[in-house]
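The values are calculated or read from the model by the stated rules, or taken from the named source; none is laboratory data. This is a predicted model, so every value here is computed, not measured. With ideal geometry, Cβ positions are generated from the backbone for all residues, glycine too; neighbour counts draw on all protein chains shown.
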């Protein structure tokens with residue numbers, strides 16, 4: 001992508017189509033430091049994982065890790081639905097608009113895909129669930145705003161209503177899969193998960209992000225909207241960690257934001273996390289700035305496979321290697337258009 005120029009259009013609704021372990025928490029943390037941003041993470045994740053719309057097979061391990069009984073777990077998550085997530089998100093859009101703020105929403109992309117679509121794109125299908133009910137109650141609509149007829153050249157792959165999908169400025173974040181996939185397995189081991197589970201098959205691909213990228217690119221090419229020629233914006237999580245300010249300057253220019261208001265250090269969160277949350281967000285919660293770590297410039301897949309064999313076993317390492325190799329086409333497709 002050519003160097004971005006400052007956007008003349010305000011991008012007041014930014015949606016991060018994220019993926020586990022891609023440094024999306026770092027990106028959100030950086031945006032969170034901006035005084036003009038209000039954000040919400042995972043409006044649909046817990047409906048996907050724990051609520052009444054989640055498959056029983058997925059919930060079983062999470063119930064066990066929680067220490068709750070099945071009855072206690074059901075009670076805790078009985079109202080955690082896709083509908084409640086959509087309603088809360090629309091209300092936050094309204095709040096941001098009223099306060100003149102930029103609203104940033106983050107959700108892992110496949111959490112918004114119905115199980116029939118997921119099963120059609122993985123080799124390890126899971127139980128198929130009915131498409132969850134999601135009614136657009138338009139909590140973000142002010143006054144008597146007229147409905148706009150939206151026509152997409154490619155059908156909206158997600159379950160999120162077309163009106164909302166068309167109204168947001170999409171950002172897609174990726175990271176080299178040889179870091180993403182083992183990091184996911186380490187985190188989900190708190191549930192006893194392994195590379196041989198269905199959840200790994202769902203996570204170990206960037207196909208979901210590619211679907212959203214192609215959907216938006218086709219839509220924008222059709223309507224040619226002002227200020228969207230460089231959207232969807234694709235962020236490379238490895239580059240974000242290695243050249244944090246450079247990446248944020250590029251992103252803020254595209255989004256019409258003042259990068260000088262982003263802070264690159266912060267206080268560690270003084271909160272006690274349970275073992276599940278700590279596995280996923282502990283590093284970020286305890287951090288006071290950017291933690292760089294490895295990227296593809298200073299290691300190889302062969303070297304990482306040797307590490308995985310020592311950390312787990314040869315069978316796991318080879319399964320991970322196969323997943324990385326199979327995901328490279330979609331990853332490299334998106335990497336070519338990253339800022």
Original post:
Say we look at the range 184-201 and pick out the residues that are part of a helix (DSSP H, G or I) and either without any contact (Cβ under 8 Å) to a residue 24 or more places away in the chain or in contact with a helix residue (DSSP H, G or I) (Cβ under 6 Å, 6 or more places away or on another chain) (or both); which of these is surrounded by the most Cβ atoms within 10 Å (Cβ to Cβ)?
Top reply: 184
Subject >> Residue, nearest to the chain's Cα centre (by Cα), within the range 30-72, restricted to residues that are under 30 Å from residue 253 (Cβ atoms) and assigned to a loop (DSSP other than H, G, I, E, B) >> reply: 42
Original post:
If you take the residues in the range 313-339 that are touching a residue at least 24 places away in the same chain (Cβ under 8 Å) and part of a loop (DSSP other than H, G, I, E, B), which one is surrounded by the most Cβ atoms within 10 Å (Cβ to Cβ)?
Top reply: 339
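Could you go through the range 208-222 and let me know if any residue there is part of a loop (DSSP other than H, G, I, E, B) and farther than 18 Å from residue 14 by Cα.
Within the range 208-222 (the criterion being part of a loop (DSSP other than H, G, I, E, B) and farther than 18 Å from residue 14 by Cα), the answer is no, since none of the residues qualifies.
Suppose we filter the range 121-134 for residues that are surrounded by 10 or more Cβ atoms within 10 Å (Cβ to Cβ) and either at pLDDT 80 or above or not in a loop (DSSP other than H, G, I, E, B) (or both); how many remain?
8
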Original post:
Restricting the search to the range 223-262, which residues are assigned to a loop (DSSP other than H, G, I, E, B) and closer than 20 Å to residue 293 by Cα?
Top reply: 243
**OP:** Go through the range 143-159 and give me each residue that's at pLDDT below 95 and either within 29 Å of residue 326 (Cα to Cα) or touching a helix residue (DSSP H, G or I) at 6+ places or on another chain (Cβ under 7 Å) (or both).
**Re:** 150
**OP:** Read through the list (1) buried (at least 18 other Cβ atoms within 10 Å of the Cβ); (2) within 22 Å of residue 112 (Cβ to Cβ); (3) at pLDDT 95 or above, then give the number of the only condition that residue 179 fails.
**Re:** (2)
**OP:** Would you mind stating whether residue 27 is at pLDDT 95 or above, touching a strand residue (DSSP E or B) at 6+ places or on another chain (Cβ under 7 Å) and in a helix (DSSP H, G or I)?
**Re:** yes
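Pull up the range 270-295, narrow it to residues that are outside any helix (DSSP H, G or I) and surrounded by 14 or more Cβ atoms within 10 Å (Cβ to Cβ), then point me to the one that is modelled with the lowest pLDDT.
Start the filter on the range 270-295 by keeping residues that are outside any helix (DSSP H, G or I), which leaves 270-274, 287-295.
Going one step further and asking which of them are surrounded by 14 or more Cβ atoms within 10 Å (Cβ to Cβ), we end up with 273, 287, 290, 294-295.
Values: 273: 58, 287: 70, 290: 74, 294: 70, 295: 78.
Here the answer is 273.
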Original post:
Residue check, residue 210 against (1) under 17 Å from the mean Cα position of the chain (by Cα); (2) buried (at least 20 other Cβ atoms within 10 Å of the Cβ), all met but one. Which one?
Top reply: (2)
**OP:** Could you please find all residues in the range 31-41 being touching a helix residue (DSSP H, G or I) at 6+ places or on another chain (Cβ under 7 Å) and buried (at least 21 other Cβ atoms within 10 Å of the Cβ)?
**Re:** 34
